[in-house]
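The values are calculated or read from the model by the stated rules, or taken from the named source; none is laboratory data. These numbers were taken from a predicted model, which means no experiment stands behind them. Neighbour counts are summed over all protein chains in view; Cβ atoms, including those assigned to glycine, are modelled from backbone coordinates with ideal geometry.
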Amino acid sequence: MNISLAFVKNERQVLFHSFEKEGVKAQIFDLEDLSDHCPQTILISEELYQSSEVQEKLSSNTKYSPIKVIKDKTFDSDRFDNITLDEATKIIKETLETWSLKQNLNLIENMFEYIEQLESLFPNDRTAFFEELWHLMRINLAASNLTIVYNHMKKPDKSSDKNKLIRVVIEGQNKPNPTENQELGEALFKNYEGKFNQNFELYSKDEKGALVFLGKVKESPLIILAESLSCGPLQLASLSCLFKGLNRLS
């Protein structure tokens, strides 16, 4: 699982540390480009966080990455540059747990509104429906990566005069990217064939945070693959309630 952390150095620059490769020093880039990197947590000093200019620049990232205000004045760019994987993981996990709690409470408080919004999309625009579902699941699981695989009917084109069943894969870190991926879709649906017994269930989870969910929406099966350091009873209960609501009339 990829571990990534950002540190706002000043009003213009941000440091980014990804632990995909051991021993790599932190990268530096413009604060405006932070959303292209999707860190799991953004660290910022208490002093810098008071800047309205900095908060405005960070506003586009708050939907995807939680912000942790650092009150320790000794935590500077040099310390961040030499942060260990264990230190980064601890910071990210603690921050994501708090952030995910807020997201799940918001889902519970506004459950009917979310269900109505999704239901309005499902019969008319399945891609938009699954993109919105992707966003909801991504923030509620505080996932660093999320993939949803589902069936879709492709309308007739020049090569065929009949509807064609295709497998659509929506994946991404902070933004959903839908593609037709017949090979991956076929392999996954074959692997989990006959196991779509509930509206929503956590099928498997490993010690590194790799999750597999199986579910159905209006009898249409879907597979969800996620990477998350924060997945507990609250996340599972709120998402299960969401899927029950979506399937209540099917």
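Taking segment 221-240 as the range and being loosely packed, with under 15 Cβ neighbours inside 10 Å and not aliphatic (A, V, I, L, M) as the test, the residues that pass are Gly232, Pro233. Among the conditions (1) among the β-branched types (Val, Ile, Thr); (2) surrounded by 15 or more Cβ atoms within 10 Å (Cβ to Cβ); (3) out of contact with any Asp or Glu (no Cβ under 6 Å at 6 or more places or on another chain), the only one that Thr179 does not satisfy is (2).
Quick check on segment 176-216: of everything there that is basic (Lys, Arg) and without any contact (Cβ under 8 Å) to a residue 24 or more places away in the chain, which residue is nearest to Cys241 (Cα to Cα)? Steps first, answer last, please.
In the first step, residues of segment 176-216 are kept if they are basic (Lys, Arg); the result is 190, 195, 205, 208, 216.
Going one step further and asking which of them are without any contact (Cβ under 8 Å) to a residue 24 or more places away in the chain, we end up with 190, 195.
Values: Lys190: 27, Lys195: 20 Å.
The residue in question is Lys195.
Only one entry of Ser65, Ser144 meets the criterion of being out of contact with any helix residue (DSSP H, G or I) (no Cβ under 7 Å at 6 or more places or on another chain), assigned by TED's automatic domain parsing to the domain that holds Glu47, in contact (Cβ under 8 Å) with a residue 60 or more places away in the chain and within 20 Å of Gly232 (Cα to Cα), and that entry is Ser65.
Can you find, within segment 2-11, the residue that is nearest to the chain's Cα centre (by Cα) among those that are buried (at least 17 other Cβ atoms within 10 Å of the Cβ) and not in a strand (DSSP E or B)? Only one residue tops the list, namely Ile3.
In this structure, Leu118 qualifies as at pLDDT 90 or above, in a helix (DSSP H, G or I) and farther than 15 Å from Phe213 by Cβ. It is to be established whether one or more residues within segment 89-96 are surrounded by fewer than 16 Cβ atoms within 10 Å (Cβ to Cβ) and under 24 Å from Ile44 (Cβ atoms). Scanning segment 89-96, I find at least one residue that is surrounded by fewer than 16 Cβ atoms within 10 Å (Cβ to Cβ) and under 24 Å from Ile44 (Cβ atoms), so the answer is yes. Residues in segment 68-88 that are loosely packed, with under 13 Cβ neighbours inside 10 Å and touching a residue at least 24 places away in the same chain (Cβ under 8 Å): Lys71, Lys73, Leu85. Can you tell which of Ser65, Ser52, Ser100 is surrounded by 19 or more Cβ atoms within 10 Å (Cβ to Cβ), out of contact with any strand residue (DSSP E or B) (no Cβ under 8 Å at 6 or more places or on another chain) and of a type in the set (Ser, Thr, Tyr)? Only one candidate qualifies: Ser100.
Scanning for something out of contact with any Leu (no Cβ under 8 Å at 6 or more places or on another chain), assigned by TED's automatic domain parsing to the domain that holds Ala187 and either of a type in the set (Lys, Arg) or touching a residue at least 12 places away in the same chain (Cβ under 8 Å) (or both), does segment 109-117 turn up at least one residue? Checking segment 109-117: at least one residue is out of contact with any Leu (no Cβ under 8 Å at 6 or more places or on another chain), assigned by TED's automatic domain parsing to the domain that holds Ala187 and either of a type in the set (Lys, Arg) or touching a residue at least 12 places away in the same chain (Cβ under 8 Å) (or both).
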